[in-house]
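Working notes, beginning with the structure itself.
The values are calculated or read from the model by the stated rules, or taken from the named source; none is laboratory data. For clarity, every value in this text was computed on a predicted model and none was experimentally measured. Methodologically, a virtual Cβ is constructed for each residue, glycine included, from the backbone with ideal geometry; neighbour enumeration extends over all protein chains shown. Calculation scope for accessible area: heavy atoms of the full protein, side chains included, ligands and nucleic acids excluded. Shrake-Rupley method; radii C 1.70, N 1.55, O 1.52, S 1.80 Å.
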Amino acid sequence: MLKVEHLTKMFGGLAAVNDVSVDFGANQINAIIGPNGAGKSTFFNLISGVYQPTSGKILLDGQDVTTMRCDHVAKLGVGRTFQTTNLFETATVLDNLIVGYRLRTRSGLWDVLINSKRLQAEERAAREKAREALDFVGLNHAENRYIADCTQEERKRVAFALALATDPKIVLLDEPAAGVNPEETEGLADLMKKMVRNGLTVCLIEHKMDMIMGIADKIMVLDHGEKIAEGTPSEVKNNPVVIEAYLGSDHDAAA
Amino acid sequence: MMFKLGALLMHPASKYVLLALALLFPALAVNEYQVYVMATAFIWAIAVYGFNVITGYCGQLNLAHGGFFAIGAYTVGLLTSDYGWGFWSSFLAALVLTGVLGFLVGAISLRLKEHYFAIFTLCVGFIIYLLLDKWEELTHGAVGVRNIAAPEGFGLVNFRETVPVYYLVLFFLVFIIWFTSRIQKSLLGRTFIAIRNGDDLAESLGINLMKTKILAFIISTVYAGLAGALYAGMIRFVGPEDGNVLHTFNMIMYMLVGGIGTLFGPLIGTISIVWLTQSLQFLEEYRMIIFGPMLVLLVIFFPLGVAGSFLTWMHRKAQALGLGAKKVQTESKVKSSGQEANNNA
Amino acid sequence: EEVNIGFSGPLSGGAALYGENVLSGLRMAAEEINANGGFDIDGENHTINIVALDDQYSPAQAATNAKRLVQESDVPAIFIPHSGGIFALMDFNVEDDFLVMAYTSVPTITEQGNPLTVRIPPTFDGYVKAFTDYAIENWGTKLAMGGATHEYAKIWASMIEKAWTAKGGEVVAKNPMDYNKSADFFTGVSRLVASEPDVMFVGGASEPTGLVMQQARQLGYEGAFIMMDQAKISEAANVVGGLEPLEDTVGVMPLSVYETDAAQNFIKRYEEKYGKAPGSEAAFNYLALHGLVEAMDEAESTDPTVVRAALSDAIANLKASKNPYEVIGVDEKGGFITSPTMAVVKDGEIVEKEF
Amino acid sequence: MTIFLQQVFNGLTLGSIYGLVALGLTLVYGILHIPNFAHGALYMVGAFMSYFFMVDMGVHYWVAMAGSAVVVAVLGIICERLVFHQLRNAPPIHDKIAAIGILLFLEAMVHMFWGSDFRRMSSPFGGVVNLDGVFLREQGILIIASTVVLVVALNLFLRKTMVGATIIAMAQNREGAFLVGIDANRVAMMTFAISGALAAIAATLYAPLNLVYPAMGHIVIMKAFVIIIIGGMGSIPGAIVGGMIIGFAEAFGGYYISTAYKDVIAFSLLVVILSIRPQGLFAKGAH
Amino acid sequence: MLQLKNVDVHYGSFKALNNISLTVDTGGLVVLLGANGAGKSTLFNTISGLNKPSAGNIEFEDKILNGMKPSAIVNAGVVQCAEGRQLFPQMSVHDNLMLGAYVHRRDKDGNRKRLNEVLELFPILEEKAHQPAGSLSGGQQQMVAIGRAMMSRPRLLMLDEPSLGLAPLVVKQMFETIKQINSLGTTVLLAEQNAFAALKIATYAYVMENGQLVMDGDRETMLGNEEVRKAYIGA
Ligand SMILES: Nc1ncnc2c1ncn2[C@@H]1O[C@H](COP(=O)(O)OP(=O)(O)OP(=O)(O)O)[C@@H](O)[C@H]1O
Ligand SMILES: Nc1ncnc2c1ncn2[C@@H]1O[C@H](COP(=O)(O)OP(=O)(O)OP(=O)(O)O)[C@@H](O)[C@H]1O
Ligand SMILES: [Mg+2]
Ligand SMILES: [Mg+2]
């Protein structure tokens, strides 16, 4: 599904991502973990086209997307959420979502002027798509609420829905459960599983190990921009390098 | 009670009432001067609608806006007075030219962000002003352009008279509002708003930032050019002061007072401030002593402007009353669902 | 009953001083008229009321103001002191039926044949020739142009350039400067001085003009100056600290140097009222309003066309105290008829020269 | 060569003034993120206060300058307290509008008290030094020297004193500043005070070469904005270098190209510089 | 020493803290446990005056803290070393530390003495004194942050997840240091995810969930409690 080869990103002298190669399979939950500043968000930004890599290759379903711009990558089916959610506070949930389908539509200024058939059809489709996404994340009761009046967890769900409204094949979720309480975190975990059941591929950055270990099919561990491990949760959990760099040795301390 | 009144205001029919009022205004006005001022206010409102597209919807504070207004006015002025063109052909030329220049300026300036963009465009606006003032071979410099042709009328309609010009301007204003509302409701408008919320998010939704921003920029400059062209046809004299940066600041003020990013904000703001300025005239040089602090109080206590505050209040109230926003036609920011029927009508 | 007289001019912003000066003359005249019990139209007593609106030098705003003055205050005449606004008003003053009392020396104003426009000050073409002749004869043939950049100064400059070369002189440098907005003239003036002219043309508002001249002297310039009529020698002297730096300057005769009783009397009254010396803006508009009222009185009407027809005689008959510039009438194009004057600074004194 | 040196001197004089005005502007922007359009009005008020102290109260030039600096500093503080502090959580466009409101108000107030006459203020340094054909105005020399002194003093204040350090701390990390017990209000007021005082000093230095009138701040503030953008918003060396660039562009452009177009040259320079370096010459980090 | 009574905090309509009452005794080392988002940082920020409580009372040595400005609270002796460090990135390490002593800026000698103590605690900072703080590694930055807080001479030092993002070895050292600071007479309130390590040095502990305190007790009780072990320490 998503294949990355020798990906490197330099910021000045700093290698934020350093020679990372990985292959994320379709229709599963792939997690990326690592200490703060390990390069996880940068990795996502590279895939989604926000940054251009210094070297290396990114393949999406075999297609080379390495140098593509952000919006182009999104059209190819990469949806994402951000570490900090930025929604339109004084508009309703539904209104925030409708624009998500924009990339699948083609009407322009001229269509607006003559109110073309195409525009009408596309607007209807966008609205339907938004409702569908809202339904998926379980928020249809809140469609007319202002974002400003939503709870933290509802905002996260809206952000998910927005990514889903773009009709993606793969979604990149950057710390979706940060600032969300454990119970709600489980809700979000269920949601991710549901996405996979519906044929999506999920890539996930998270610091909440309970959640990661519970739902991830595959984990990649970054540290100082380098991949230091990858594998199933149980493999990673017991990898001494990972324990050293990230998980910390509870055993050590407990001993 | 208040809420019911508000709901009445938001009823779709109220815009026809508004239109009827505007059509009857020359008959209701005490004298021609009031019609004249109203026509000027409408012209400014058209320009402010443009401002609202790029700044209110798309979130880019373009301080060169007044400059494009002046370019529109000068295009008509110079073509009709120096090159013998008719008004309407010059009018078209003004739209095209402001559009093309909008594209060029936008392509350079929109690479900058936030304050940098604002101040960069401030300087572009100032350069436009300086060129109007200094490039004598083309613009007549400080002397300005005289003998500008009035819009050619038809039959008994003579656009050198105030009332016909009023209707002409009103026609364009209504068209602009209608067009803007179409943009606002459409996916295109939502795209603009997505960009205002943040470049990163918009881009991740597959929106081509540069293309969309430039489009918004061009729409705004063409509005400004249209307003400028009408201005030249109505006043029939333009000078470099028409490109003064102060006009841009005035337009910001109109927009903020009315409600930035709302459909009727520009109209409300422009009409009320233009009339307020006229009625404070008796204070002569001291009116800024009142006007300045008023502006400050306004942004502190009514940051959303008249229309913005009203719409937010209505929405909250509707939610609180459990009506659900579907029943309330929110004209604000992004359209709500009940609007579809209207769209197709 | 009251007759409203309109005024539209800059009362705020950079040019506010100028507008206020004009207005002060009008107000003074109106108060004098009212204090004397007003005037009669068909046996009915009338007083004068000045309605002043700010237009910040903007032609569009001036047009709006004019509409308002005509329709809300029913004014038969509007005083307006800037050519942009004047042109804007001349576009509809006949249709809307009001007199434009234009305070500008731009000659084209009265050449358009607008029957309801009156030009108050003399046109400057007379000055141009006289100044040019005097300067070439007395000081030399090399001229450096350092006038201001506003419309009025531009027209002046182009005329003097023509006159100068026609007379066999040579223009050695051209460097107009923005007198109202510039932060510093030193660079611009140094460019003029470097061309080693005999005579330097300067002029905009009096104060910056004084500054330009002072900086020329500071840069070692020892030649002469031609000063555009907008600037007044006496006011410029206040800025540079005396007449000494202005040695060898030809310009218009400042009001204060007029020896006539009428002028001196006006100056005294103005100083008492406003606490400062009047400029020509105040004096000209003062006498223009007196003339206008006199015309209404004589014509027994406020109808603009009628008043315009009576204006020439009315002004000719004005009492000397109301006519500091001794204007003797209005020509058929609408220009006030005055005898222009010329003054030269010689040995630290202002000396009147024959035209 | 003399002409060249003459323009160098003119450029330095102009650049110094622009730099001083821009310094106050960039300080407020860098620390409080307010593009203060009213800064030009503070400059203008500074000139009028000095005029008032010198001409009406008859005090010495230096005393007038000090007095004016204090008054305008207080005025800056008042603006901060009454207006910008209230708007600290509002979107940036509101700051700009409020600043315009302040500008209109201050101009009208000055107009009310002093009228719109051009006024002339002299200084004890009216002479001209003739250096082999290059004419140096004493006031110009004073301006350049004062700018050097002020910039050095400001730098020492910011780098070497605790109070100065709090200002820098605020600029770098507001939250962090609170955590070590820095009073944000105090820093904001101090920043406005310094900025106002700099404007007043610049105005007092420059007024003797120029005229004092209510609209005198307009063109200066436009240029100051150009300068801080060229220099990078919030950068102190940027403000000075930017000031010099504009000063020299005007002096040389005005002399060798055209005085009428000197402002066009200055502003076009900005467009060119920003097209090449969108973040300005000295910007640290992204804003 | 510090006492919170029935404190509520809202973010908009979201209630982040719900009826919190808690006591920190002089000389104690109190640990606050809780999952991500439980409200620990919110609580700290409320004590520091960065958040305003919508109800309740915060008392510190007879002073009422709620309503006081953040700077006044630091002056009163309550200092926080916040999550995310909040350093001044372009300033040197030395300047960062000295700004910590801002509230004691007149006592130059005292500050110098204190600086020496801090440098003794973190010798590496002496080497890096003139480097911009932003260029240090995460662990070193954490030391600067703690050092800066120490420079304020707090009587109550609040540390919000000081081990965040630090390698285990550094973490171990850091807990040692905290213990040392405490034994030198500074009262400490510590929020930690690393529950076991924290509890080992604690005198008392609270557990927080969803903005509420759900359990408290001294070190032995907590270490012995099955639920705590299960939820926060792991098997
Ligand atoms: N635009 C940038 N310019 C320079 N350096 C950057 C930039 N973006 C990130 N970095 C640096 O790259 C490194 C990796 O950052 P990144 O945001 O990818 O970390 P992360 O793994 O997502 O951390 P966290 O868990 O804290 O979100 C950090 O050292 C960061 O400072
Ligand atoms: N500025 C804010 N606005 C709105 N909600 C916030 C804000 N800050 C925190 N919250 C919410 O308040 C709750 C408590 O957050 P807090 O940061 O206090 O948790 P915490 O226990 O410190 O978590 P962590 O271990 O992640 O630091 C979370 O649900 C969070 O999303
Ligand atoms: Mg990250
Ligand atoms: Mg926390």
Q | Distance between segment C:114-155 and segment B:163-196 - C-alpha centres, whole angstrom | A | 50 Å
Q: Can you grab the distance from the C-alpha centre of segment C:189-221 to the C-alpha centre of segment C:222-284, Å, no decimals?
A: 19 Å
Q.
5 Å is the cut-off here: which amide hydrogens, built 1.01 Å from N in the peptide plane, fall below it relative to E:LEU32, excluding neighbours closer than 5 in sequence?
A. E:LEU190, E:ALA191, E:GLU192, E:TYR206
Q. Which value in nm describes the separation of the simple spin-label points at D:ASN185 and B:PHE3, placed 7 Å from the Cα toward the beta carbon?
A. 3.8 nm
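Any idea what the relative contact order of chain C is, in percent, if you count C-alpha pairs under 8 Å spaced at least 6 apart? Please list the in-between numbers first.
Numbers: 725 pairs, mean separation 58.8, N = 355.
Reported relative contact order: 17 percent.
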Q: Indicate the gyration tensor shape class of the protein assembly as shown (rounded, prolate or oblate), computed on the Cα atoms with a ≥ b ≥ c the square roots of the eigenvalues: a/c under 1.5 is rounded; otherwise a/b larger than b/c is prolate and the rest oblate.
A: prolate
Q: Express in whole angstrom the spacing between the alpha-carbon centres of segment E:84-113 and segment A:77-153.
A: 49 Å
Q.
Among C:GLN214, C:GLY43, C:ALA316, whose Cα projects farthest towards the positive end of the dipole of chain C, with charges put on the beta-carbon of Lys, Arg (+1) and Asp, Glu (-1)?
A. C:GLN214
Q. Counting pairs of alpha carbon atoms under 8 Å apart in space and at least six apart in sequence, what relative contact order in percent does segment C:129-208 give?
A. 44 percent
Q) Roughly what angle does helix B:162-185 make with the longest principal axis of chain B, taking Cα atoms, 0 to 90 degrees, to the nearest 10? A) 40 degrees
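Under the definition of partner shielding as Cβ atoms of other protein chains within 10 Å of a residue Cβ, what is the mean value for peptide A:100-108? Show your work: numbers first, answer last.
Values: counts 4, 4, 10, 6, 1, 4, 1, 3, 5.
Counting other chains' Cβ atoms within 10 Å and averaging over A:100-108 gives 4.
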Q: Could you compute the FRET efficiency for D:TRP114 and E:ALA55, with r as their C-beta to C-beta distance and R0 at 51 Å, rounded to 0.05?
A: 0.40
(Q) How far apart, in nanometres, would the label points at E:GLU220 and D:VAL272 be if each is projected 7 angstrom from Cα along the Cα-to-Cβ direction? (A) 8.1 nm
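Could you work out [θ]222 nm for chain B from helices alone, using -39500 (n - 2.57) per DSSP H run of at least four and dividing by all its residues? Round to the nearest 500 deg cm²/dmol. Mind showing how you got there, number by number?
Details: 16 runs with 243 residues, N = 345.
Result for chain B: -23000 deg cm²/dmol, rounded to the nearest 500.
Distance check, please: which entries in A:LYS156/B:LYS113; A:LYS3/A:LYS208; C:LYS232/C:LYS346; A:LYS75/A:LYS227; A:LYS40/A:LYS237; C:LYS273/C:LYS346 exceed 21 angstrom between their Cα atoms?
Numbers: A:LYS156/B:LYS113 27 Å; A:LYS3/A:LYS208 25 Å; C:LYS232/C:LYS346 16 Å; A:LYS75/A:LYS227 28 Å; A:LYS40/A:LYS237 18 Å; C:LYS273/C:LYS346 32 Å.
Beyond 21 Å: A:LYS156/B:LYS113; A:LYS3/A:LYS208; A:LYS75/A:LYS227; C:LYS273/C:LYS346.
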Q. HN-Hα J couplings of segment C:286-302 from phi, Karplus 6.51/-1.76/1.60, θ = phi - 60°, integer Hz, Gly and Pro as x?
A. 4, 6, 5, 5, 4, x, 4, 5, 4, 5, 5, 4, 5, 7, 6, 7, 10
Q. What list of ³J(HN,Hα) values in whole Hz, one per residue of segment C:98-111 in order, does the Karplus curve 6.51 cos²θ - 1.76 cosθ + 1.60 (θ = phi - 60°) give from phi, with Gly and Pro shown as x?
A. 8, 7, 9, 9, 8, 9, 7, 8, 5, x, 4, 4, 8, 8
Q: Please give the FRET efficiency for E:HIS10 paired with B:LEU21, using the beta carbon to beta carbon distance and R0 = 35 Å, rounded to the nearest 0.05.
A: 0.20
Q. For the protein assembly as shown, what is the charge dipole size about the Cα centre, in debye to the nearest 20, if Lys and Arg each add +1 at the Cβ and Asp and Glu each add -1 at the Cβ?
A. 4980 debye
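What 222 nm value per residue comes from the helices of chain D, counting each DSSP H run with n ≥ 4 as -39,500 (n - 2.57) and dividing by all residues, nearest 500 deg cm²/dmol?
Computed mean residue ellipticity for chain D: -23000 deg cm²/dmol.
Calculated from DSSP H runs of 4 or more alone, at -39500 (n - 2.57) each and per residue, what is the 222 nm mean residue ellipticity of chain E, nearest 500? If you can, show how the numbers build up before the last one.
Numbers: 9 runs with 86 residues, N = 235.
Rounded to the nearest 500, the figure is -10500 deg cm²/dmol.
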Q) Taking a ≥ b ≥ c as the square roots of the eigenvalues of the Cα gyration tensor of segment E:76-199, is the shape rounded (a/c under 1.5), prolate (a/b larger than b/c) or oblate? A) oblate
Q: Just check segment C:122-245 against the gyration tensor rule for me: Cα atoms, a ≥ b ≥ c as the square roots of the eigenvalues, rounded for a/c under 1.5, and otherwise prolate or oblate depending on whether a/b exceeds b/c.
A: rounded
Q) For chain D, modelled as a GNM with alpha-carbon contacts under 10 angstrom, which of D:ALA184, D:ALA99, D:ALA199 fluctuates the most? A) D:ALA184
Q: Mind listing the long-range amide H neighbours of C:LYS232? Cut-off is under 5 Å, sequence gap 5 or more, other chains count too, H placed in the peptide plane at 1.01 Å from N.
A: C:SER206
**Q.** Pairs from C:LYS174/C:LYS276; D:LYS160/E:LYS52; A:LYS129/A:LYS194 whose Cα-Cα separation, in the structure shown, is over 24 Å
**A.** C:LYS174/C:LYS276; D:LYS160/E:LYS52
Q) In units of 2.2 N^0.38 Å, what is the alpha-carbon radius of gyration of chain C? A) 0.99
Q) Per-residue mean of other chain beta-carbon atoms within 10 angstrom of the beta-carbon, peptide D:207-217? A) 4
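How many Cβ atoms of partner chains, on average, are near each residue of B:109-117 if near means within 10 Å of its Cβ?
Details: counts 4, 0, 3, 5, 4, 5, 11, 9, 2.
Neighbouring Cβ atoms belonging to other protein chains average 5 per residue here.
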Q. How high is the FRET efficiency from B:LEU276 to A:ASN238, r the C-beta distance, R0 60 Å, rounded to 0.05?
A. 0.20
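Using mean Cβ contacts within 10 Å as the protection proxy, how do B:201-210, A:65-74, C:342-351 order, highest first?
Numbers: B:201-210: 22.5, A:65-74: 19.6, C:342-351: 16.1.
The packing order, highest mean first, is B:201-210, A:65-74, C:342-351.
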Q. So what's the angle, to the nearest 10 degrees on a 0 to 90 scale, between helix B:245-258 and the longest Cα principal axis of chain B?
A. 20 degrees
Q. Farthest toward the dipole's positive end in chain A, which of A:PHE24, A:LEU97, A:THR201, given Cβ charges of +1 (Lys, Arg) and -1 (Asp, Glu) about the Cα centre?
A. A:LEU97
Q) Say each of A:GLN63 and E:GLU127 gets a label point 7 Å from the Cα, pointing the same way as Cα to Cβ; how far apart are those two points in nm? A) 5.1 nm
**Q.** GNM result for chain B, Cα springs below 10 Å: residue of B:ALA194, B:ALA149, B:ALA27 fluctuating most strongly
**A.** B:ALA27
Q | Degrees, to the nearest 10: B:114-134 long Cα axis against longest axis of chain B | A | 20 degrees
Q. How about E:LYS172: which lysines have a C-alpha closer than 16 Å to its C-alpha, ignoring those fewer than 8 places off in the same chain?
A. E:LYS200
**Q.** Stretchable slack from C:ALA320 to C:GLN112, in nm (0.36 nm times residue separation minus alpha-carbon distance)
**A.** 71.8 nm
Q) If you plug each phi of segment A:110-116 into the Karplus form 6.51 cos²θ - 1.76 cosθ + 1.60 with θ = phi - 60°, what whole-Hz ³J(HN,Hα) values come out, in order, with x for Gly and Pro? A) 5, 4, 5, 5, 9, 6, 5
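Only Cα pairs under 8 Å and at least 6 apart count here; give the relative contact order of segment D:1-147 as a rounded whole percent.
Working: 109 pairs, mean separation 48.7, N = 147.
After rounding, I find 33 percent.
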(Q) What figure, in Å² to the nearest 10, do you get for the accessible area of C:SER234 with a 1.4 Å probe and non-protein molecules left out? (A) 40 Å²
Q.
Running a GNM on chain C with Cα contacts under 10 Å, which residue among C:GLU161, C:GLU294, C:GLU259 ends up with the highest mean-square fluctuation?
A. C:GLU259
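Placing unit charges on C-beta atoms (Lys and Arg positive, Asp and Glu negative, everything else neutral), compute the dipole magnitude of segment C:1-112 about its Cα centre in debye, rounded to 20. Walk me through the intermediate numbers first.
Values: 3 positive and 17 negative charges, 105 e Å.
Its charge dipole is roughly 500 debye.
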Q: List the residues whose amide H sits under 5 Å from the amide H of C:LEU99, counting only those 5 or more places along or on another chain, with H placed 1.01 Å from N in the peptide plane.
A: C:ALA77, C:ILE78
Q | Most to least packed among D:203-211, D:253-261 [average Cβ atoms within 10 Å] | A | D:203-211, D:253-261
Q. Which value, in debye to the nearest 20, gives the size of the charge dipole of segment C:301-355 about its Cα centre, when Lys and Arg are +1 and Asp and Glu are -1 at the Cβ?
A. 160 debye
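Beta carbons within 10 angstrom, averaged per residue: use that to sort the peptides C:22-28, B:40-46, highest first. Don't jump to the answer; show the numbers that get you there.
Numbers: C:22-28: 23.6, B:40-46: 25.7.
With the highest mean Cβ count within 10 Å placed first, the list reads B:40-46, C:22-28.
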